[in-house]
Amino acid sequence: MNIFRALGKYIKSVLVIAELELRKIRHDQTQIWIRTVQPALWLAIYGYTMSNISALSKYLPANISYLQFMTPGILAQSVLFVAIFFGITVVWERDLGLINKLLSTPAPRSSIVIGKALSAGVRGIFQAITIVILALIMQVHLLLNPLSIIGLFVIIVLLGMCFSALSMALAPIFKTRERMMGIGQAITMPLFFASSAIYPIEIMPSWIKPIAVVNPLTYVVSGLRGLLATGDLHQLPLDILVILGSTVILLILASLGFKRLAT
Amino acid sequence: MEQQAIVVENLVKEYPRVKAVDGVSFSVAKGEIFGLLGPNGAGKTTTIRTLLTLIKPTSGKVTMFDVDVTRNSETIRRMSGYVPQDVSADGELTAYENVLIYAKLYDMPRQERKKRIMDVLGYLQIKERANDMVNTYSGGMMRRLEIAQALVNRPKVLFLDEPSIGLDPNARRIIWELINRLRNEFGTTIFLTTHDMNEADILCDRIGIMNKGMLATLDTPEKLKSSVGGDVISIGSPAQDCARKVKEMGYNIISSAQNNQCDIVVENGEATIPLLLGKLNAGGIKVESVSLKKPTLDDAFLKYTGSRIEADQGDTFQSAKRARTAFRRFTQ
């Protein structure tokens, strides 16, 4: 009984931290709209142009247009790009003193980390919705049914949690906003290119394929693609397992390092 | 015997290259306003953070209301409120939300929450602007909000790290009045650190003077001041051997030859000055200036640590002020 009470308290503290972050987004929604510009360009310009390269189509799954293939990749990309810079906010809050004060409350450290990651995940849902709407406006055919939508939300939340946890794990190591900005940029592009987000793994340079295999983003894209484009779900359990596993590991690493953010 | 709120015995905190706190012992009575006074790097913040379970002491024993700080950190956190030196209110939220989050983190029952938040905001006179974004607040209002966040849990002990740093004189006075009221009305024990003599003098029941990780002395402001032993005469002289000569005449020097100045303590300043000047003139020592003052905490500090808190301590004030300004600018 005691364990359940402790667990209940823990979950409550996670949710309060997530609420704190989400309230901030509610006060400033412009950031969500600004974040739709980049994926819109990727879809409308890059996607449209690449659709005209007929050689590409033979590498795509049967009966799938390039835009259908690419939309899940752009979904993943847009959430990744926001989550990977999450650590900058944490460093900023550390510099101000907000982290110190949070650490002095009864909330366990790891619940602060998980709450913050969860907020990044939930924020990803808003982004996913805007991109799905964008894709629908561009008349990209997406498989939308209750199951695929729930699956989409689950994967997007995990994606946001996974990479914001990575970013939070790096924050105590790099400690300044400038370095966090640099490190974010240094890792997003390799993560993005070494995944099947905008082209199939089969046509990648062979040396990069092993990276794609261990890249959590590959599994995110694969899962989203199965749900939204191909309808082929036989790899979905593996995809979710890998993402969940990476998320848990990164959350643990971030929690272990978080105390070092106290000044 | 009156119950002790905090008992610190032989507290030591060592970092790889520096001993931040070096064997400090003191106790704070329930309902007392207790201050640690000292320059930057004296170990004040390390001490406060050890009491708050944010830092594990290297050795020594700290208890708060008989609860061991290292053993039962959650109990300690639940009875403490903490206002850090830096900005800790979130500018991207309203004042109400800022307090709400802390009310929730301290498990305040849902039914009481709203009332208690509004009560505490009312108490700190920011109720009318409860639903404004905090990045529109002035520095003083932000500080009051930060105190509100720490108070909503009704802590037994309130920890304030440099409570009035970065605030203008008016805002400081409001904060000081507030801290006093809090103790008088609710009996809250208040533990603060400061490098501001004035703040320590006005606010604290007892002051611990801290320097280089050690507690130099501990007493009431009045006793500390009277312990200086009388009036302080400062003599400004370009002569190198002024201090030596003054000493030879049998005066009690408390500091010497900083910027051609030496300070002596005498019982009756007004009567001593003409005598002293006459002697110095006779000794061929040129005197450029003489000033007399009643002893201040500053002099007591000098007596116990052998140095003054330098003016560049204002750095922290400036940087805190800058942080607050930048914070508002960036988040607006």
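What follows is calculated from the coordinates using simple rules that are stated; it is not laboratory data. Please read all numbers here as calculations on a predicted model, not as lab measurements. Cβ coordinates were reconstructed from backbone atoms using ideal geometry, including for glycine residues, and neighbour counts include every protein chain displayed.
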task = Report the extension gain between A:D28 and A:Y10 in nm, rounded to one decimal, defined as 0.36 nm multiplied by the number of residues separating them, less their alpha carbon distance.
result = 3.7 nm
Cα Rg, Dmax, the protein assembly as shown, angstrom units = 30.8, 110
query = How big is the antiparallel share of DSSP beta bridges in the protein assembly as shown, given as a percent to the nearest 5?
reply = 65 percent
query = Hey, what angle do you get for helix A:177-193 against the long axis of chain A, alpha-carbon based, 0 to 90 degrees rounded to 10?
reply = 30 degrees
ask   = Quick one: which of B:80-93, B:233-246 comes out on top by average Cβ neighbours within 10 Å, and what's the full order, highest first?
value = B:80-93, B:233-246
query = Between region B:101-140 and region B:207-282, how many Å separate their Cα centres?
reply = 49 Å
key: Nearby aspartates and glutamates by direct alpha-carbon distance to B:K61 (threshold 16 angstrom, same-chain neighbours under 8 apart not counted)   = B:E9, B:E14, B:D22
query = With the contact rule set at Cα under 8 Å and sequence spacing of 6 or more, what percent relative contact order holds for chain B?
reply = 20 percent
message = Tell me which DSSP H helices of chain B clear both cut-offs, 15 Å or more of axial length from alpha-carbon atoms and a mean Kyte-Doolittle hydropathy of at least 0.0.
response = B:95-105, B:139-151, B:269-282
key: Estimated [θ] at 222 nm from DSSP helical runs (n ≥ 4, -39500 (n - 2.57)) normalised by residues in chain B, nearest 500   = -12000 deg cm²/dmol
inquiry  = Please compare each pair in B:K127/B:K223; A:K175/B:K156; A:K101/B:K115; A:K101/B:K127; B:K13/B:K245; B:K247/B:K293 to a cut-off of 31 Å on the Cα-Cα distance and tell me which ones are over it.
reply    = B:K127/B:K223; A:K175/B:K156; B:K13/B:K245
ask   = Straight-line reach from B:K303: which aspartates and glutamates have a Cα under 17 Å away, not including same-chain ones fewer than 8 places off?
value = B:D196, B:D201, B:D219, B:E222, B:D231, B:D263, B:E267
message = Between 0 and 90 degrees, rounded to the nearest ten: what's the tilt of helix A:2-27 against the longest Cα principal axis of chain A?
response = 70 degrees
key: Peptide B:144-152 - average C-beta neighbours from other chains (10 Å radius)   = 1
task = Can you tell me the order of A:118-127, B:292-301, B:178-187 when each peptide is scored by its average per-residue count of other Cβ atoms within 10 angstrom, highest first?
result = A:118-127, B:292-301, B:178-187
Fraction of beta bridges assigned by DSSP in chain B that are antiparallel (%, nearest 5) = 65 percent
ask   = Given only helices, namely DSSP H runs of n ≥ 4 each adding -39500 (n - 2.57), what is the per-residue ellipticity at 222 nm of chain A, to the nearest 500 deg cm²/dmol?
value = -23500 deg cm²/dmol
